[in-house]
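Colleague: The structure that follows is given in the form of structure tokens.
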Amino acid sequence: MNSLITHHLLLCVTPSSSRCCDPSIGKESWLRLKKIISELGLESQRNKSGIILRSKVDCLRICKEGPILLIWPDGIWYKKVTSEKIDKIIDEHIINGNPLEEWILKRTPFSISKKYST
Ligand code: FES
């Protein structure tokens, strides 16, 4: 069974050499992100509106105003993503499709190559 992946969330929470935030703040954000995605069943193959992937990454090459959360394919980079902001980002942006403009650091829209489109 093929399942549609609608979003991939990349959160910079490197524990070893974090330059964009305090590692303890990043860890809290990561734990909240994992929990809310699990609670809402967003990673489940049974999620009819598509699968949401999440990954913890070492550095997204912003290195300020972290934790940084990058959401693909939207190309939206959120800044200062503390655990308190995670639920609202999931609810407003991921579920309802309304990015939170006041928390966006930058946008890098994704361009799908015709080579890979069907
Ligand atoms: S350490 Fe977080 S973006 Fe570089």
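Colleague: Tell me yes or no: at least one residue of the stretch 99-109 is in contact with a Ser or Thr (Cβ under 8 Å, 6 or more places away or on another chain) and under 21 Å from residue 6 (Cα atoms).
Modeller: Scanning the stretch 99-109, I find no residue that is in contact with a Ser or Thr (Cβ under 8 Å, 6 or more places away or on another chain) and under 21 Å from residue 6 (Cα atoms), so the answer is no.
Colleague: Hey, among 61, 32, 54, 46, which residue is assigned to a strand (DSSP E or B) and out of contact with any Cys (no Cβ under 7 Å at 6 or more places or on another chain)?
Modeller: After ruling out the rest, the residue left standing is 54.
Colleague: While we're on this one: Step by step: first the residues of the stretch 32-56, then only those that are of a type in the set (Ser, Thr, Tyr) and more than 16 Å from the ligand (Cβ to nearest atom), then the one that is surrounded by the fewest Cβ atoms within 10 Å (Cβ to Cβ). Which residue is that?
Modeller: Selected residue: 49.
Colleague: Among the residues of the stretch 62-80, write down those that are away from the ligand (no atom under 11 Å from the Cβ), touching a residue at least 60 places away in the same chain (Cβ under 8 Å) and not β-branched (Val, Ile, Thr).
Modeller: Answer for the stretch 62-80, where residues must be away from the ligand (no atom under 11 Å from the Cβ), touching a residue at least 60 places away in the same chain (Cβ under 8 Å) and not β-branched (Val, Ile, Thr): 72, 73, 74.
Colleague: Checking residue 26 against (1) at pLDDT below 90; (2) part of a helix (DSSP H, G or I); (3) among the small types (Gly, Ala, Ser), which single condition isn't satisfied?
Modeller: Going through (1) at pLDDT below 90; (2) part of a helix (DSSP H, G or I); (3) among the small types (Gly, Ala, Ser) one by one, residue 26 breaks only (1).
Colleague: Yes or no: the stretch 22-31 includes at least one residue that is more than 16 Å from the ligand (Cβ to nearest atom) and either more than 19 Å from residue 104 (Cβ to Cβ) or in contact with a strand residue (DSSP E or B) (Cβ under 6 Å, 6 or more places away or on another chain) (or both).
Modeller: Yes, the stretch 22-31 contains at least one residue that is more than 16 Å from the ligand (Cβ to nearest atom) and either more than 19 Å from residue 104 (Cβ to Cβ) or in contact with a strand residue (DSSP E or B) (Cβ under 6 Å, 6 or more places away or on another chain) (or both).
Colleague: Another one. Scanning the stretch 1-22 for residues that are surrounded by fewer than 18 Cβ atoms within 10 Å (Cβ to Cβ) and at pLDDT below 90, which turns out nearest to residue 53 (Cα to Cα)?
Modeller: Out of the qualifying residues, it is 3.
The values are calculated or read from the model by the stated rules, or taken from the named source; none is laboratory data. As the structure is a prediction and not an experimental result, all values here were calculated from the model. When we count neighbours, we look across all protein chains shown, and the Cβ atoms used for this are built from the backbone with ideal geometry, even at glycine.
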